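Worksheet for the structure shown next.
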Amino acid sequence: MLSGWQHHSGYTIEELINWPGIRSVGARTGLLTGPLHAFDFDGVSSLSLGLDPAIAGSWQVHRTTDPNRLKVFFSSFLAAKESAG
C-alpha cells in the first residue's frame, strides 16, 4: 500500500505496466487531479440513467461475474476534444 497517496504525484502508465506483481490501480478523480471522472454502474437499472458506456469515449473496467456492473472513467478534456471534432 502506498502511504501518503494523497500527496503522491502518481505513476506513468509505463511505470504501472512494468510494476512487478501489480494487481490493481487506484485513481484520483475530480477537477483538481486530472480531470478524471468516474461512474460506477451497479446493475441493470443504473445503466438506464442516460450515460451509455458503449458510446462514451472512455476507459472501462468490467467484471467477469456480472456484465451489468462496471466502472467507466473519462477525461473531460478528451470529451471536449471529441465533441469539437
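Coordinate-derived values only; no laboratory data. Computed from a predicted model, the values in this text were never measured in an experiment. Here the Cβ is made from the backbone with ideal geometry for all residues, glycine too, and neighbour counts use every protein chain on show.
Data overview
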item	result
Mean Cβ neighbour count within 10 Å, used as a protection proxy, ranking 62-71, 19-28 highest first	62-71, 19-28
Mean Cβ neighbour count within 10 Å, used as a protection proxy, ranking 5-17, 38-50 highest first	38-50, 5-17
